[in-house]
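The values are calculated or read from the model by the stated rules, or taken from the named source; none is laboratory data. Quick caveat: nothing in here was measured; it's all calculated off a predicted structure. Backbone-built Cβ (ideal geometry, glycine too); neighbour counts: all protein chains shown.
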Amino acid sequence: MALTSTIYNASVELSDVDRGVYESFELRLALHPSEAMEYMATRLLAYCLEYTDGIEMSAAGLSDTDEPAIVARDLTGRLTAWIEVGVPDASRLHRASKLAPHVAVYCHRDVRILLGQLEGKRIHRAEEIAIYTFGAGFIKEVAERFERRVKLSLSVTERHVYLDINGHSLTTVIEQHAVAS
């Protein structure tokens, strides 16, 4: 018998001063039994930090390897953003950068692993792919505080993230990395 995903509900208050985005929204996140809570926490943060019109969690995961964790589409259905979580391979990022004008990766593991795997590989528009990480221990702390129903208040100012998760305050700095040619 196949194991089913656990559904989490997040109520989010987002104030991204850097991008001028101020929104309140509800999200349903599915955590597959094979996924780590850190992956889901990173996926939620990536969604918030990339929030734009037409953004949605995709059906990515074990069943659909052709889509990223998060996509954004315009009103015509054209792909405008491809957002990966984790450690995607070079061929996946090559394909992504051909399909979408904006490609980003949010790492919840050691970014050196990803950068090492991508170094010297042929990736379309590699210099335009943003790779983001959070301060040491931040994702783990967020994952530890995650509950089936979670209330988040997320503020971003000058790449500093201030997060209140169910009454617990956390802070970190978003670091951006580049793919080496």
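Against the definition (surrounded by 12 or more Cβ atoms within 10 Å (Cβ to Cβ) and of a type in the set (Ser, Thr, Tyr)), how does Ser91 come out, yes or no? When the stated conditions are applied, Ser91 does not pass them.
Of the strands (runs of 3 or more DSSP E) lying entirely inside segment 72-138, those carrying at least 1 residues that are at pLDDT 95 or above and among the acidic types (Asp, Glu) are 79-85.
Among the residues of segment 27-51, just one is of a type in the set (S, T, N, Q) and closer than 15 Å to Leu154 by Cβ, namely Thr42.
Give me the residue from segment 4-62 that is among the acidic types (Asp, Glu) and either part of a loop (DSSP other than H, G, I, E, B) or closer than 20 Å to Leu79 by Cβ (or both) and, out of that set, modelled with the highest pLDDT.
The initial filter retains those residues of segment 4-62 that are among the acidic types (Asp, Glu), namely 13, 16, 18, 23, 26, 35, 38, 50, 53, 56.
After this cut, where a residue has to be either part of a loop (DSSP other than H, G, I, E, B) or closer than 20 Å to Leu79 by Cβ (or both) as well, the list is 18, 35, 50, 53, 56.
Numbers: Asp18: 95, Glu35: 88, Glu50: 98, Asp53: 95, Glu56: 95.
This residue is Glu50.
Counting the residues of segment 141-150 that are surrounded by 14 or more Cβ atoms within 10 Å (Cβ to Cβ) and touching a residue at least 40 places away in the same chain (Cβ under 8 Å) gives 4.
Of the residues that make up segment 102-119, is at least one over 18 Å from Gln176 (Cα atoms) and surrounded by fewer than 20 Cβ atoms within 10 Å (Cβ to Cβ)? Steps first, answer last, please.
Here is the first cut: in segment 102-119, the ones over 18 Å from Gln176 (Cα atoms) are none.
Within segment 102-119 (the criterion being over 18 Å from Gln176 (Cα atoms) and surrounded by fewer than 20 Cβ atoms within 10 Å (Cβ to Cβ)), the answer is no, since none of the residues qualifies.
List the residue pairs whose Cβ atoms are under 8 Å apart, where the first residue sits in segment 151-168 and is closer than 11 Å to Leu45 by Cα, the second is in a loop (DSSP other than H, G, I, E, B) and among the aromatic types (Phe, Trp, Tyr), and the two are 6 or more positions apart or on different chains. Here the result reads Val161/Phe134, each pair linking segment 151-168 to a residue that is in a loop (DSSP other than H, G, I, E, B) and among the aromatic types (Phe, Trp, Tyr). Scanning segment 139-181 for residues that are among the β-branched types (Val, Ile, Thr) and assigned to a strand (DSSP E or B), we see that the one that is nearest to Leu14 (Cα to Cα) is Val156. Number of residues in segment 109-132 that are in contact with a Leu (Cβ under 9 Å, 6 or more places away or on another chain) and either over 19 Å from Ala46 (Cα atoms) or not aliphatic (A, V, I, L, M) (or both): the value is 6.
Taking the residues in segment 155-176 that are small (Gly, Ala, Ser) and loosely packed, with under 14 Cβ neighbours inside 10 Å as candidates, determine which candidate is modelled with the highest pLDDT. In this case the residue turns out to be Ser169.
Being under 16 Å from the mean Cα position of the chain (by Cα) and either among the basic types (Lys, Arg) or more than 17 Å from Tyr51 (Cα to Cα) (or both) narrows it down to one of Arg159, Arg149, Arg122, so name that one.
On the way: Arg149 fails: under 16 Å from the mean Cα position of the chain (by Cα); Arg122 fails: under 16 Å from the mean Cα position of the chain (by Cα).
From the options Arg159, Arg149, Arg122, the qualifying one is Arg159.
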